[in-house]
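See below for the structure under consideration.
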Amino acid sequence: LTSASAIPLAIAGGSGNVFGTLTGASGGLGVADKGLIKVTGANLVFSGGNLLLNNDIAAVGRSVLNYGATLQINNPITVTGNYSQTGGGLDFNVVDTSSYGYLDVNGSAAISSAAISLGGTGLANGQSYTVVRATGSGTYANNTAFVSTNNGLLAQLSDVNGALTVTIAPDAQT
């Protein structure tokens, strides 16, 4: 998907439990099936709803703006350009500590008031996952984190040198 328009490319997802899917031409959801969203004339805007994102994003000299959409990220996703999110959520799928979804931002990242979740069967106490990696500045404020499956674990957020990291800990309330 390529847009050279001077008008921002706005994408909205599904509602409730329905997720729209952005992936490559094969329609598959694996790493090898990823596609590319390229914007050259204006920003890319996720305007709301639920989206499974399996596309890298090229927004060189532009920004990716998420205004409350929830993005499900199962594989590493590269964003070339700045990434900014207010509200909504980021749902990261975890297979194990070396195979999980994350945002690799080649630019600055700013995420505020978002719900950050980790899901998958491989989660265990003490594990850490760097879910947003920015080559520029990273700013994270008023976000919440949780484990999507209630398995006696909770998620804690930290900013580690500009990267948003989630650490799994035991839930004292279970």
| field | Within region 55-105, tally of residues that are open to solvent by 10 Å² or more (accessible area, probe 1.4 Å) and hydrophobic (A, V, I, L, M, F, W, C) | value | 4
| message | Being of a type outside the set (Phe, Trp, Tyr), assigned to a strand (DSSP E or B) and over 28 Å from residue 48 (Cβ atoms) is true for just one of 169, 124. Which residue is that? | response | 169
| request: Would you please name the residue that is least open to solvent (accessible area, probe 1.4 Å), looking only at residues in region 7-34 that are part of a loop (DSSP other than H, G, I, E, B) and under 13 Å from residue 45 (Cα atoms)? | output: 13
| request: Check residue 113 against each of (1) open to solvent by less than 50 Å² (accessible area, probe 1.4 Å); (2) at positive phi; (3) at pLDDT 95 or above and name the one condition it does not meet. | output: (1)
| message | Restricting to region 116-146, and then to whatever is among the hydroxyl-bearing types (Ser, Thr, Tyr) and either open to solvent by 10 Å² or more (accessible area, probe 1.4 Å) or at pLDDT below 95 (or both), can you tell me which residue is nearest to residue 76 (Cα to Cα)? | response | 130
| said: Restricting to region 35-55, name every residue that is assigned to a strand (DSSP E or B) and more than 20 Å from residue 78 (Cβ to Cβ). | reply: 47, 48, 50
| Just one of the numbered conditions (1) in a strand (DSSP E or B); (2) open to solvent by less than 30 Å² (accessible area, probe 1.4 Å); (3) of a type outside the set (S, T, N, Q) is not true of residue 154; which one? | (2)
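The values are calculated or read from the model by the stated rules, or taken from the named source; none is laboratory data. Owing to the predicted nature of the structure, the values given are computational and were not obtained by experimental measurement. So basically every Cβ, Gly included, is an ideal-geometry build from the backbone, and we count neighbours across all protein chains shown. Each accessible area value is taken on the protein alone, full model and side chains, heavy atoms only, with ligands, DNA and RNA left out. Shrake-Rupley method; radii C 1.70, N 1.55, O 1.52, S 1.80 Å.
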